[in-house]
Every structure is written in C-alpha cells, then in structure tokens.
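Enquirer: Take a look at this one; I'll ask things after.
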Amino acid sequence: MTLKVENLSTHFFTRDGVAKAVDGVSFEVGRGEILGLVGESGSGKSITGFSIIGLVDPPGRVTGGKILFQGQDLVGRPAGEMRALRGKKIAMIFQDPMMTLNPVLSIETQMVETVRAHDRVSKADARARAIEALGLVGIPSPEERLAAYPHQFSGGMRQRVAIAIALLHRPDLIIADEPTTALDVTIQSQILAVIQRLSGEFGMSLLWISHDLGVVAGLAHRIAVMYAGRIVETGTVDEVLDRPVHPYTIGLMRSVPANLDRGEPLTPIPGMAPPPLRRPGGCPFRLRCFAATEICETEPAESQAAGHRWRCFHPQTARAA
Ligand SMILES: Nc1ncnc2c1ncn2[C@@H]1O[C@H](COP(=O)(O)OP(=O)(O)OP(=O)(O)O)[C@@H](O)[C@H]1O
Ligand SMILES: [Mg+2]
C-alpha cells in the first residue's frame with residue numbers, strides 16, 4: 001500500500017470558530033492505483049491533499065489521524081523531512097501550473113535545480129533528465145524548448161511542463177489537484193492519457209482531485225466521494241458510478257449532463273454545501289437529502305459490501321431512487 005490515510009482531521013482555528021475542513025477521512029491508494037477524490041467546492045479535497053504533503057498553513061493544522069506513506073506516518077514529521085520527501089517521493093500538480101513554475105527562470109534552470117535539489121548529479125545529467133521528462137509528457141523538440149520561459153508556452157503546454165517537473169524524480173505518489181480543470185477538453189484528454197500511461201508504466205500511485213465526475217470515471221480505478229469534510233462513499237469506479245448508494249453521490253451524478261438522456265431535465269442538488277462553521281450535526285448532507293429522516297440527525301456509521309463503503313442510514317439500491 002503506497003498511501004493509507006486513517007481518520008485524518010485537519011482543522012482551521014479561526015476567530016469565528018473551528019472549521020473542520022477535513023473531518024475524519026480514511027482512504028487508501030495502492031501501488032500504481034489511481035484514486036479519484038470528488039466532491040463539491042469546499043468539501044475539503046485540496047486540504048486533504050495539502051495535509052498529505054505537509055503544506056497546511058496556520059491557522060490550520062492536522063489535528064488527528066494518520067497518514068501512512070509506505071508504512072510510515074507523516075503526521076508530525078519535522079519540516080525538513082517533509083521537504084526532502086516532497087518532490088522526490090511525493091509530488092503535487094496544481095490547477096495553476098504557475099504554482100510550480102517560476103515566471104522569471106527558464107524551464108532549463110528550474111528543472112535542473114529541481115533535479116539537483118534531491119540528487120547529486122552533474123548539470124549535464126540533470127539536463128538530460130529534464131529533456132527526457134519533457135519528452136515523456138509530449139513536449140515537442142524538448143531540447144530546444146528547454147531554454148524557453150513559462151510565458152512562452154500555451155496553458156496546456158505549461159501544465160505539461162509542470163507535470164514533467166513532478167515526474168523528474170519518478171515519485172511513488174502524485175497528488176494532482178484539478179490539473180486539467182482550466183484546459184479545453186482536447187488538451188485535457190491528451191494530458192489525462194499521458195498521466196494514465198505514465199502511472200501504469202512507472203507504477204506511480206495517483207490521488208486525483210476533481211469535481212468532474214466524467215474525468216474521474218475515465219481515469220481512476222477507485223473513487224472517494226467527499227462531502228463536508230468527510231468521505232461519504234467509496235469503491236471501485238464501477239461500484240460507485242454504476243451502483244451508487246449514497247444520496248449525495250446519486251445527486252452528483254444526476255447533475256452531470258452527460259449522464260442523462262437527451263432532453264431529460266438536469267436535477268441539481270437543492271441548496272448549497274454548508275460552510276464548515278455552519279454544518280448541521282449528524283449526517284452533514286441531511287438538509288439537502290431526498291431520503292433524510294429523523295435518524296439522520298445522528299452520526300451514520302460506515303457500512304460496506306466488499307470494497308464498496310458508505311455512510312448513510314438510507315442507502316439507495318437503484319440510481320432511479
Ligand atoms: N485558511 C483557511 N481558513 C479557514 N478555513 C479554511 C482555510 N482554508 C480552507 N478552509 C476551509 O476548508 C474547507 C475545505 O477547503 P478545500 O480548499 O479543501 O475545498 P475543495 O474541496 O478543494 O474545494 P474546491 O473544489 O473549491 O477547490 C473550505 O470550506 C474552507 O472554508
Ligand atoms: Mg480545491
């Protein structure tokens with residue numbers, strides 16, 4: 001198991017109260033496996049990713065749980081150790097490639113520095129690795145493009161460069177936070193294909209964060225559906241998308257146009273996800289749920305059938321429920 005997150009909680013201690021951005025989250029990512037983490041805006045997906053790589057800033061901090069990476073708990077590790085791990089064994093790709101890239105440095109300088117930050121190799125060897133990585137993500141004439149600056153690339157190419165940088169050390173785990181959301185569908189599917197191929201070839205595990213069920217359905221092996229800081233349903237892509245049981249998952253699927261027959265009206269989930277400081281007790285989805293009853297005011301325990309798990313008092317058996 002590359003990554004095993006157990007009962008992770010990350011809270012923000014604000015003036016108005018404690019925002020439980022991540023509130024007891026557990027999931028696993030096996031070697032070479034792609035786990036899609038989906039959910040509405042504000043559900044805690046990014047903070048889950050930042051918690052794993054140790055980049056949660058005050059007033060936030062991990063308040064409980066374990067993050068077992070290759071069997072070792074990352075929670076509470078000294079900053080220096082986390083820095084050594086980041087980029088080398090665990091890499092992160094962001095929605096905005098400029099989170100990774102420095103606008104005033106050439107791609108060559110940035111990539112060579114990234115290689116040499118973790119490995120003692122000559123500049124020539126580091127350069128060769130940079131060229132190889134750019135080739136892997138499909139940058140044409142990588143040797144010539146190395147001298148270019150970030151602004152000389154298109155958005156899609158810039159994201160490829162950011163992915164190439166993430167690949168420089170062949171990390172065991174990549175956390176990708178909406179890396180294709182800002183790109184048009186053609187570029188998006190090219191990048192998804194590259195990532196899927198490389199993760200298979202190198203046995204890299206991938207935590208793919210997205211609010212786009214369609215992207216995750218095509219890319220991931222398993223899915224975890226997050227709502228209000230918790231994972232409400234998880235399983236293989238087939239289990240969760242073909243036989244969803246949690247009313248929230250069903251609601252999400254009904255609000256995706258591609259899942260419907262032509263002419264059928266979209267059915268958005270009513271209301272909005274409550275911000276962390278205004279979440280109801282019990283099941284956090286109950287105020288928007290078509291199946292909620294009084295019992296939902298208490299905490300639903302986790303149920304499971306094989307690898308398919310959910311937290312709901314009223315699991316649905318058919319999509320039409
Ligand atoms: N610095 C902060 N201070 C207080 N609360 C915060 C802070 N950063 C994040 N949060 C809270 O944590 C919750 C989860 O945020 P997160 O960024 O993980 O959501 P997300 O699922 O990634 O959403 P999106 O799809 O919009 O990226 C948010 O509801 C937000 O209110
Ligand atoms: Mg986010």
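Enquirer: Suppose we filter T14, T63, T100 for residues that are of a type in the set (S, T, Y) and near ligand 1 (Cβ under 9 Å from one of its atoms); which single one remains?
Expert: Of the residues listed, the single one that is of a type in the set (S, T, Y) and near ligand 1 (Cβ under 9 Å from one of its atoms) is T14.
Enquirer: Just give me the residues in the range 95-136 being in a loop (DSSP other than H, G, I, E, B), without any contact (Cβ under 8 Å) to a residue 12 or more places away in the chain and among the small types (G, A, S), in sequence order.
Expert: Answer for the range 95-136, where residues must be in a loop (DSSP other than H, G, I, E, B), without any contact (Cβ under 8 Å) to a residue 12 or more places away in the chain and among the small types (G, A, S): just S122.
Enquirer: Filter the range 155-197 for residues that are open to solvent by 50 Å² or more (accessible area, probe 1.4 Å), outside any helix (DSSP H, G or I) and under 16 Å from Q95 (Cβ atoms) and give the result.
Expert: Listed by number, the residues that qualify are T181, A182, D184.
Enquirer: Can you pull out every residue in the range 33-48 that is more than 7 Å from ligand 1 (Cβ to nearest atom) and out of contact with any Phe, Trp or Tyr (no Cβ under 8 Å at 6 or more places or on another chain)?
Expert: E33, V38
Enquirer: Looking at G44, G71, can you tell me which residue is in the same structural domain as V216 (by TED's automatic domain parsing), modelled with pLDDT of 95 or more and over 15 Å from the mean Cα position of the chain (by Cα)?
Expert: G71
Enquirer: Something else about it: If I ask for residues that are touching a Pro at 6+ places or on another chain (Cβ under 8 Å) and either open to solvent by 30 Å² or more (accessible area, probe 1.4 Å) or charged (D, E, K, R) (or both), which ones from the range 231-253 would you list?
Expert: E233
Enquirer: Could you please let me know if G87 is crowded, with 19+ Cβ neighbours inside 10 Å and modelled with pLDDT under 95?
Expert: Yes.
Enquirer: When the range 207-230 is examined, which residues are found to be more than 15 Å from ligand 1 (Cβ to nearest atom), buried (at least 22 other Cβ atoms within 10 Å of the Cβ) and of a type in the set (G, A, S)?
Expert: If the condition is that a residue be more than 15 Å from ligand 1 (Cβ to nearest atom), buried (at least 22 other Cβ atoms within 10 Å of the Cβ) and of a type in the set (G, A, S), then A220 is the only one that fits.
Enquirer: Further question: In the range 174-212, how many are closer than 30 Å to R286 by Cβ, touching a Gly at 6+ places or on another chain (Cβ under 9 Å) and modelled with pLDDT of 90 or more?
Expert: Residues in the range 174-212 being closer than 30 Å to R286 by Cβ, touching a Gly at 6+ places or on another chain (Cβ under 9 Å) and modelled with pLDDT of 90 or more: 5 in total.
Enquirer: Select from the range 272-302 the residues that are in contact with an Asp or Glu (Cβ under 7 Å, 6 or more places away or on another chain) and more than 20 Å from V245 (Cβ to Cβ) and write down the one among them that is most open to solvent (accessible area, probe 1.4 Å).
Expert: Looking at residues that are in contact with an Asp or Glu (Cβ under 7 Å, 6 or more places away or on another chain) and more than 20 Å from V245 (Cβ to Cβ), I get L277.
The values are calculated or read from the model by the stated rules, or taken from the named source; none is laboratory data. All values derive from a computational prediction rather than experimental measurement. Counting neighbours? That spans all protein chains shown, and the Cβs are built from the backbone with ideal geometry, glycine included. The protein model used for the area step is the full one, side chains on, heavy atoms only, and it has no ligands, DNA or RNA in it. Shrake-Rupley method; radii C 1.70, N 1.55, O 1.52, S 1.80 Å.
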